[in-house]
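Below is one structure, written out as structure tokens; comments come after it.
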Amino acid sequence: MKRVLITGAAGFLGSHLCDRFIKEDFQVIGMDNLITGDLKNIEHLFKLKNFEFYHHDVSKFVHVPGELPYILHFASPASPIDYLKIPIQTLKVSSLGTHNLLGLAKNKKSRILVASTSEVYGDPQVHPQTEDYWGNVNPVGPRGVYDEAKRFQEALTMAYHTYHGLETRIVRIFNTYGPRMRLNDGRVLPAFIGQALRGEDLTIFGDGSQTRSFCYVDDLVEGIYRLLMSDYHLPVNIGNPDEITIKEFADEIIKLTSTKQKVICKPLPVDDPKQRQPDISLAKKVLGWEPKVQRAEGLEITYNYFKGLTQEELYKSKHRFE
Ligand code: UDP
């Protein structure tokens, strides 16, 4: 039976995963508490008979009736601004929430894939990051609530694997972009594109020499799908190794949007990683996966999505928890 529970279904990644599993003929159960997710991302699915939606917070006991062969845990705030605004929920969803979902998986004999992150490497001293690097994380800094919850999530998932023999998968997701990113989530791509569309200057944090490596969402979803269907239970990096400085990235957005605005520098946030690039040798080997979409192509699609937003959405730029 092809039935999957996707938590965080109304979020950026969750909604794209729902689309993919619907396409693969799954019965999809989406779950979200809508703190950072938006029903608009999945409203096109409500008319389908193989899609159900539960408005629920996975930090509380999770009940799903019937057989459930697969679970994907993608519920979590995922931007540094969100962690600052809702630190406790961020900690709870990847600790208590993961525990509830592992319990559900044990009960239903499901295979469960949990969304981990490159943030488990913290401000990495090994470059590019391989899965066997243990990271450099500040537990009490502003990102600690996310990084440590995700590290705990990995430990808990492995414990259920070794102690209960659960079928588990762990994906470490690197910076990902595409349509349905939240314009006001503070992440660099929606921040820059939003600023360009509103005719504001682009805000670079620090001197812009820090690097990131951006993966287009369809590539990420393909990697996750392959990992779920594989028999590999240790963590796997999924991301695009094409590394770029934030300054170069701002220049690309200026060119893409033809904005006449300039770049202005703002203070670098505490513990902002100086460099980030996935080593994807393992994903290539065990999943036969590598990203296909070039940044120029992915950015064009994403820009067109943001251009389609209403003026009201474009100017609703204040953070939603303010
Ligand atoms: N950043 C920036 N200007 C912004 C938002 C972010 O220069 O308006 C920088 C941020 O300091 C970081 C990089 O862009 O170095 C990526 O930030 P994001 O929040 O997207 O993701 P993360 O830091 O988690 O990789």
> Hey, among T203, T302, which residue is open to solvent by less than 60 Å² (accessible area, probe 1.4 Å), in a strand (DSSP E or B) and of a type in the set (S, T, N, Q)?
Replying inline: T203
>> Restricting to region 87-122, count the residues that are open to solvent by 30 Å² or more (accessible area, probe 1.4 Å) and part of a loop (DSSP other than H, G, I, E, B).
In response: 1
> From the set of residues in region 68-91 that are away from the ligand (no atom under 16 Å from the Cβ) and over 17 Å from the mean Cα position of the chain (by Cα), which is nearest to D272 (Cα to Cα)?
Replying inline: I88
> Can you tell me how many residues in region 125-137 are touching a residue at least 40 places away in the same chain (Cβ under 8 Å) and open to solvent by less than 60 Å² (accessible area, probe 1.4 Å)?
Replying inline: 4
>> Against the conditions (1) in contact with a helix residue (DSSP H, G or I) (Cβ under 8 Å, 6 or more places away or on another chain); (2) open to solvent by 30 Å² or more (accessible area, probe 1.4 Å); (3) not basic (K, R), where does I71 fall short? Just the number, please.
In response: (2)
>> Return the residues of region 157-179 that are buried (at least 19 other Cβ atoms within 10 Å of the Cβ) and either basic (K, R) or more than 20 Å from the chain's Cα centre (by Cα) (or both); say none if nothing qualifies.
In response: Y160, L166, R169, R172
> How about region 217-247: which of its residues are in a strand (DSSP E or B) and open to solvent by less than 10 Å² (accessible area, probe 1.4 Å)?
Replying inline: V236, N237, I238, I244
> Which one is farthest from the ligand (Cβ to nearest atom) among residues in region 228-247 that are touching a helix residue (DSSP H, G or I) at 6+ places or on another chain (Cβ under 6 Å) and among the aliphatic types (A, V, I, L, M)?
Replying inline: V236
> Taking the condition within 16 Å of the ligand (Cβ to nearest atom), surrounded by 14 or more Cβ atoms within 10 Å (Cβ to Cβ) and assigned to a helix (DSSP H, G or I), does A250 pass?
Replying inline: yes
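The values are calculated or read from the model by the stated rules, or taken from the named source; none is laboratory data. Please read all numbers here as calculations on a predicted model, not as lab measurements. All Cβ positions, glycine included, derive from the backbone under ideal geometry; neighbour counts span all protein chains shown. The area values use the complete protein model at the heavy-atom level, side chains included, leaving out ligands, DNA and RNA. Shrake-Rupley method; radii C 1.70, N 1.55, O 1.52, S 1.80 Å.
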